[in-house]
Amino acid sequence: MRLTKVDIAALVILCGPGMVAPAPGGGAINGSVTYTGTPAKADPINMSKEPECVKMHAKAVMNEKVVTGPGNSLRNVVVYISAGASDNSAVPTTAVSFNQEGCQYTTHVLAFRVGQEVRISNNDPFSHNIHPIARINREWNRIQLPGTPPFSYSYENEEFIPVKCNIHSWMQAYFVVLKTGHFAVTREDGRFTLPDLSPGRYTVTAWHETYGTQSQEITIVGNQALTVNFIFRAKP
C-alpha cells in the first residue's frame, strides 16, 4: 500500500510521543546517547617508553575511555537488540578491520557478529602484540611484526572483550561480539539507528565501557520507527 502525504501526517499524529511515521521496508529504532553530570577529563597517554611512538604525533594522544561530544553526546556506546529479535540474517562474509597505527588502535570499540572475521593489521614500523582478554571465548595473544601481512580471527560466542597490546600498555580497545545483526556504535553526535526490524517486542540495550549498561523494552507495531534515547550518569 502506498501512503500519501496526508496518510503519513495522520500517522505521525496517531503514533504520539517517541514515534514517527512508518519506515519503508520495516520498523526501526532511532535515538541518541547522552550523559548528565560531569565526566572525567580525558588524560593524555604517556608514550615516553617508546620514543618512536611520540614522534608520530604532533600533539598528545588522549585516552578514549570516555569520549564526549556536542550536546552532552557520548561516543563509543554499543546499542543493540539484546532480546526479542529472531535474527536469521547471514553472518557477513566481509571481515571488519582492526588496525594498529601510531601506537594506538584506530578503532576503540569494534562491534561485529559471532562468526564474522576480524582482520588485524599492523601499520607501524615496529612490533605489536594483540591480546584480546576473552572469558567466554578462547583467550589468545599474538605478536605482529612490522611489514607482515594482516591475519584474521573469528569468535564463536557473544562477548564484550577487552583488547590490549602486551608491548605498549596504553593501547586498549574492545571487541564487541554480538549474535544479532541489529547493532550500532555511536560516533561524535551520539546518535544511532537500528533499521529493518519486524513487528514485535524487543529489549534495546546500550553498553558503555565506563558507565555500564542500560536497557529499555519497546514494541514495534507494523513499520513504526520509534525514538529511544539513553542517558548515562557521568561521574568525574
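The values are calculated or read from the model by the stated rules, or taken from the named source; none is laboratory data. Worth saying up front: this structure is predicted, and the values here are computed from it rather than measured. Every residue, glycine as well, gets a Cβ built from its backbone with ideal geometry; the counts of neighbours run over all protein chains shown.
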Which pairs do you get when a residue that is of a type in the set (G, A, S), found in segment 122-142, comes within reach of a residue that is assigned to a strand (DSSP E or B) and at pLDDT 95 or above, reach meaning Cβ atoms under 9 angstrom, with the pair 6+ apart or on two chains? S127/I143; S127/Q144; A134/E159; A134/I161; A134/P162; A134/F175; A134/V177
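Do any strands (runs of 3 or more DSSP E) lying entirely in segment 154-222 carry at least 2 residues that are of a type in the set (F, W, Y) and either closer than 26 Å to T38 by Cβ or modelled with pLDDT of 95 or more (or both), and which ones are they?
On the way: elements: 159-165, 172-178, 183-185, 191-197, 200-208, 212-220.
Where strands (runs of 3 or more DSSP E) fall fully within segment 154-222 and carry at least 2 residues being of a type in the set (F, W, Y) and either closer than 26 Å to T38 by Cβ or modelled with pLDDT of 95 or more (or both), they are 172-178, 200-208.
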Within segment 168-189, which residues are within 13 Å of the chain's Cα centre (by Cα) and not β-branched (V, I, T)? A173, Y174, F175, L178, G181, H182, F183, A184, R187, E188
For I81, only one of the following conditions fails: (1) touching a Phe, Trp or Tyr at 6+ places or on another chain (Cβ under 9 Å); (2) over 17 Å from Q144 (Cα atoms); (3) surrounded by fewer than 21 Cβ atoms within 10 Å (Cβ to Cβ). What is its number? (3)
Residue hits (segment 44-89; under 25 Å from G212 (Cα atoms), of a type in the set (A, V, I, L, M), out of contact with any Gly (no Cβ under 9 Å at 6 or more places or on another chain) and not in a strand (DSSP E or B)) are I45, V66, V67
Output for Cβ contacts, cut-off 8 Å, separation at least six or different chains, first residue on the phi > 0 side of the Ramachandran plot in segment 62-78, second hydroxyl-bearing (S, T, Y), reads G71/T34; N72/T34; N72/Y35; N72/T36; N76/T186
Is there any pair linking a residue in segment 102-116 that is more than 14 Å from R75 (Cα to Cα) to one that is of a type in the set (S, T, Y) and buried (at least 21 other Cβ atoms within 10 Å of the Cβ), with Cβ under 7 Å and at least six apart or on different chains, and which? V114/Y155
Restricting attention to segment 86-99, does a residue exist that is surrounded by 13 or more Cβ atoms within 10 Å (Cβ to Cβ), at pLDDT 95 or above and closer than 21 Å to M47 by Cα? yes
Pick from segment 22-43, criterion in a strand (DSSP E or B) and among the β-branched types (V, I, T), ranking: surrounded by the most Cβ atoms within 10 Å (Cβ to Cβ): V33
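What tally of residues in segment 142-169 results from selecting those that are under 22 Å from N63 (Cα atoms) and surrounded by fewer than 16 Cβ atoms within 10 Å (Cβ to Cβ)?
Of segment 142-169, the ones under 22 Å from N63 (Cα atoms) are 160-169.
Then keep just the ones that are surrounded by fewer than 16 Cβ atoms within 10 Å (Cβ to Cβ); that gives 162, 166, 169.
Adding up the residues that qualify gives 3.
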